[in-house]
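The structure appears below as structure tokens.
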Amino acid sequence: MSSPKLPIEALLAEERLFEPTAALREQANMKDAGVYAKAQQDREGFWAEAARSLDWFKPWEKVLEWNPPTAQWFIGGKINVSYNCLDRHVKTWRRNKAALIWEGEPGEERVLTYADLYREVNKFANVMKKLGIRKGDRVTIYMPMVPELPIALLACARIGAPHSVVFGGFSAESLRDRINDAQSKLVITADGSYRRGQIVPLKRNVDAAIKECPCVENVILLKRLGDAAFIHVQEGRDHWWHRLMADAQAYCEPEAMDAEDPLFILYTSGTTAKPKGILHTTAGYLVGASLTHRWVFDIKEEDVYWCTADIGWVTGHSYIVYGPLANGTTGLMYEGSPDWPEKDRWWQMVAKYGVNILYTAPTAIRAFMKWGEKYPDQHDLSSLRLLGSVGEPINPEAWMWYHDVIGKGKCPIVDTWWQTETGSILISPLPGLTAMKPGSATFPLPGIDADVVDETGQSVPLGGGGYLVLKSPWPSMARTIYGDPERYVQTYWNRFGKEVYFAGDGCKRDSQGYFWLLGRVDDVMNVSGHRISTMEVESALVDHHEVAEAAVIGRKDEIKGEAIAAFVTLKEGALSDVEKVSELKKHVSEKIGSIARPDAIFFTAELPKTRSGKIMRRLLRDIAEGRALGDTTTLADATVVAKLKSQYEES
Ligand code: WT7
């Protein structure tokens with residue numbers, strides 16, 4: 001296990017306990033503390049009960065078929081996700097309730113009611129059908145945070161075409177690889193998007209990507225920037241969104257999907273250079289996303305709920321699109337950055353729209369902490385009643401700041417642990433039931449069978465630490481890695497046998513059983529809540545013609561959690577100067593995307609390796625974080641690392 005990223009002994013001694021107030025308990029969606037035990041006694045019955053809150057075309061015959069590691073949920077059931085997010089609401093008074101309140105980075109505002117969203121989704125579903133998209137065909141979506149993005153997702157769900165959303169910050173090459181891996185026939189994009197006042201050339205990236213994507217037949221192009229975009233439209237292949245929509249039919253029959261039919265693929269980084277296409281299916285995913293959204297955020301009919309994630313990540317899939325809309329929630333959606341044009345943009349929006357629930361990431365909270373209280377203090381934040389955190393462990397200082405400065409001491413904080421693979425939140429407080437400790441995600445939710453085990457898979461008693469595992473299946477779990485079922489089994493169901501899901505996170509439990517997540521135990525970094533593989537960045541670096549070898553690590557960073565540091569050996573004759581540093585950083589941005597751009601690059605004649613040739617990243621981390629070197633006895637040549645350390649300290 002890699003070194004814990006938090007001072008864990010201090011955390012375990014945490015004595016601050018934030019009990020739910022009587023008023024909070026009284027009104028909570030889930031106030032029956034017996035729910036945990038009940039769910040444990042009859043897990044399948046618990047999930048069946050949850051599934052009954054959705055609308056089914058045909059009920060399931062069997063709740064769970066578990067042939068480890070293959071799980072099938074709600075077997076025989078027929079259901080449609082877009083029907084559950086739209087049709088069933090427009091049949092009620094919610095028809096004219098706001099589904100999405102959207103604000104663009106330059107300041108435009110749009111409100112889409114459930115009826116508006118229903119109309120647009122139906123039409124867009126027909127648009128895709130007309131372009132030949134059928135049930136089972138994959139569609140890649142590479143778009144800005146505009147209402148047409150959730151519209152595209154829901155339209156895919158309506159016709160049963162699994163979507164693969166690629167975050168707009170990824171490069172043309174990353175996009176190309178994801179399109180080819182999914183073999184998408186259709187790409188949906190925009191002429192561009194805004195990012196801190198700059199233009200992001202989405203369409204240009206699509207053009208570059210699909211030069212090498214023979215599977216792509218059509219591109220649908222949303223006009224976001226208009227004349228400013230300077231784009232090329234290829235006759236016959238590229239179609240303007242608004243033109244297609246102008247003559248689209250108003251109603252599209254929702255496809256009756258099998259509970260286990262695929263809903264989407266979402267790529268995430270693993271321990272190799274190749275991202276994994278995590279596949280989620282229909283019914284189980286929606287059961288997990290909607291139930292957790294209702295319970296964890298304690299969502300009420302009249303709430304204005306804001307999840308600040310990008311829909312390009314799983315948080316946006318589950319907690320901007322599917323969970324909230326299935327629950328008939330009013331959600332706020334914002335296109336831009338928190339510090340544009342000023343560092344008070346979010347707080348201005350909270351006040352303007354009367355946001356009640358805010359769900360964001362520790363990295364954002366730490367950035368706001370650094371900018372100072374004056375920005376939130378300029379605005380009336382009294383509408384807030386519940387705060388959420390996701391993406392990485394939240395350090396107690398950030399938790400307290402969030403609690404006091406943003407929540408004014410009156411809002412519970414739900415620290416939610418989950419992953420792309422888990423589909424929905426698995427470890428989190430329930431606001432009406434759980435006493436919170438700053439920095440702990442507290443307990444597994446009802447129906448979730450989490451444990452902490454040692455190297456041999458033995459459960460570690462309370463007070464100890466080890467690997468986080470899940471010992472029973474849950475409905476929203478990933479079903480496979482698209483196109484690579486073997487890797488799915490190897491990665492998640494092999495470490496502790498095929499019945500136990502290995503999450504890849506280290507975890508400790510205190511004497512009261514609170515879970516304290518410690519970060520990844522594999523070669524995966526967590527940079528500003530984004531998962532980035534060290535291998536992926538290394539292979540982008542060695543792809544540069546002057547790089548001989550590279551080793552990448554995540555080093556502690558005050559704002560980002562981890563920042564990328566690279567140790568690079570250049571080829572004979574190449575110059576190791578400042579220009580080379582910026583050239584290599586740019587190279588990585590172009591290969592993967594700006595989220596993977598290294599913060600620091602160090603040149604070295606040699607990398608510390610074991611006798612069998614394995615790079616010792618642990619020692620590089622010691623160097624980069626300024627610690628005394630750990631055990632070096634397995635090194636082939638101990639002078640390499642000593643030299644590197646003194647070189648690093650001089651630089
Ligand atoms: C990894 C999953 C699904 C949320 C967005 C990230 C880390 C996530 C927490 C938390 C401690 C957390 C874990 C996990 N993580 N939430 N509340 N406390 N760590 O999704 O990109 O699939 O990354 O994020 O390390 O394995 P992801």
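Any read-out appearing in this document is the output of simple, stated calculations on the displayed coordinates, not a laboratory observation. Predicted model, so just to flag it, every value in this text is computed and none were measured. Every residue, glycine among them, receives a Cβ derived from its backbone with ideal geometry; neighbour counts consider all protein chains shown.
Things to note:
- Cα lying deepest toward the dipole's positive end in the chain, options C307, G284, P429, charges on Cβ: G284
- Per-peptide average of other Cβ atoms within 10 Å, ordering 130-141, 180-191 highest first: 180-191, 130-141
- Normalised by the number of residues in the chain, the average gap of Cα pairs under 8 Å and 6 or more apart makes the relative contact order 14 percent.
- Cα-projected label distance for A628 with N96, points at 7 Å along beta-carbon direction, nm: 7.3 nm
- This ranking places K123, K498 by how few other beta-carbon atoms lie within 10 Å of each, fewest first, which gives K498, K123.
- If the convex hull is drawn through the Cα atoms of the range 150-223, its volume per residue in Å³: 88 Å³
- Percent antiparallel among DSSP beta bridges (both partners in the chain, rounded to 5): 60 percent
- Measuring nothing but how far apart in sequence close Cα pairs (under 8 Å, 6+ apart) lie, relative to its length, the range 347-479 scores a relative contact order of 18 percent.
- Contour minus Cα-Cα distance for K135 and D227 (0.36 nm per residue): 29.6 nm
- For the range 532-615, the C-alpha radius of gyration divided by 2.2 N^0.38 Å, with N the number of residues, is 1.05.
- Across q = 0.19, 0.30 Å⁻¹, the range 7-58 modelled as identical point scatterers on its alpha-carbon atoms has Debye log10 I(q)/I(0) values of -0.86, -1.08, in the order of the q list.
- Inter-part distance where the range 410-434 and the range 75-141 are each reduced to a Cα centre, Å: 26 Å
- Along each principal axis, taking the top coordinate minus the bottom one, the Cα set of the range 230-329 gives 49, 43, 34 Å in descending order.
- With a Förster radius of 35 Å applied to the C-beta separation of S53 and S337, the computed FRET efficiency comes to 0.45.
- Expected 222 nm ellipticity per residue - DSSP helices of 4 or more, -39500 (n - 2.57), all of the chain, to 500: -8000 deg cm²/dmol
- Computed lengthening from R110 to Q348, 0.36 nm per intervening residue step minus Cα-Cα distance: 84.0 nm
- Pairs of Cα atoms farther than 35 Å apart, the chain, %: 40 percent
- Dipole magnitude for the range 135-213: about 120 debye, using +1 per Lys or Arg Cβ and -1 per Asp or Glu Cβ, origin at the Cα centre.
- Unit charges at the beta carbon, dipole of the chain: most positive-side option, H242, G613, W474: H242
- Reachable aspartates and glutamates, given that their alpha-carbon falls under 20 Å from the alpha-carbon of K78 and they are not under 8 places away in the same chain: E44, E49, D55, E61, E65, D87, D137, E253, E255, D258, E260, D261
- Of K123/K223; K408/K556; K58/K185; K276/K471; K62/K498; K203/K223, those spanning more than 20 Å from alpha-carbon to alpha-carbon: K408/K556; K58/K185; K276/K471; K62/K498
- For the range 65-135, averaging the sequence separation of C-alpha pairs within contact (under 8 Å, six or more residues apart) and dividing by the residue count gives a relative contact order of 22 percent.
- Separation in nanometres of the label points that stand 7 Å from Cα toward Cβ, at E499 and R237: 5.2 nm
- Förster radius 25 Å - calculated FRET efficiency between K410 and E15, Cβ distance, rounded to 0.05: 0.75
- Bridgeable aspartates and glutamates around K609 (alpha carbons under 17 Å apart, same-chain partners fewer than 8 residues away excluded): D523, E538, E549, D622, D631, D637.
- Inter-label distance, Q27 to Q40: 3.1 nm, where each label sits 7 Å from its Cα along the C-beta direction.
- Between the beta carbons of Q458 and Q490, assuming R0 = 22 Å, the FRET efficiency works out to 0.50 to the nearest 0.05.
- Straightening the chain between T271 and S382 buys 35.6 nm, computed as 0.36 nm per residue apart minus the Cα-Cα spacing.
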